Amino acid sequence: MEDEWLEIQERKVRMRKATVEATLRPAEVSELRELGEQLFPVHDDWRVAYFEFLDAHPTERYFRAATHEGYQVLYCPAQEKGIWFIPGSGVGRIQPKGLALLKQITAGK
């Protein structure tokens, strides 16, 4: 039973990696600012943190991608930070395993 669960989780990770690789593209800060206005229309902690991060790192490279489950991903390789979001539904910080995967995918891009 546990082996089956682990296989399912590994399959999910492989699928996420494949779709992120297929959809990964550079994102300009201006695009991310516009996206932030849509994601965070209400002044809250997420909005403040999002725009403060962009303000603190205006010249960094950013990437945007999607997963097969409908998550959108934003990643800044230089700062090794990223967020995921589902428009109108949820947002969160990308955890260390996800950051490591994004670092691997974006290396050399």
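In segment 19-38, of all residues being surrounded by 13 or more Cβ atoms within 10 Å (Cβ to Cβ) and of a type in the set (G, A, S), the one that is modelled with the lowest pLDDT corresponds to G36.
Residues of segment 72-88 include at least one that is assigned to a loop (DSSP other than H, G, I, E, B), modelled with pLDDT of 95 or more and buried (at least 17 other Cβ atoms within 10 Å of the Cβ). Among the residues of segment 39-59, those that are loosely packed, with under 10 Cβ neighbours inside 10 Å and part of a helix (DSSP H, G or I) comprise D45, A56.
Residue count for segment 85-109 under the criterion of being farther than 14 Å from K17 by Cβ and touching a residue at least 12 places away in the same chain (Cβ under 8 Å): the result is 6.
The requirement of being among the basic types (K, R), part of a helix (DSSP H, G or I) and closer than 23 Å to Q104 by Cα is satisfied by R11.
The values are calculated or read from the model by the stated rules, or taken from the named source; none is laboratory data. This is a predicted model, so every value here is computed, not measured. All Cβ positions, glycine included, derive from the backbone under ideal geometry; neighbour counts span all protein chains shown.
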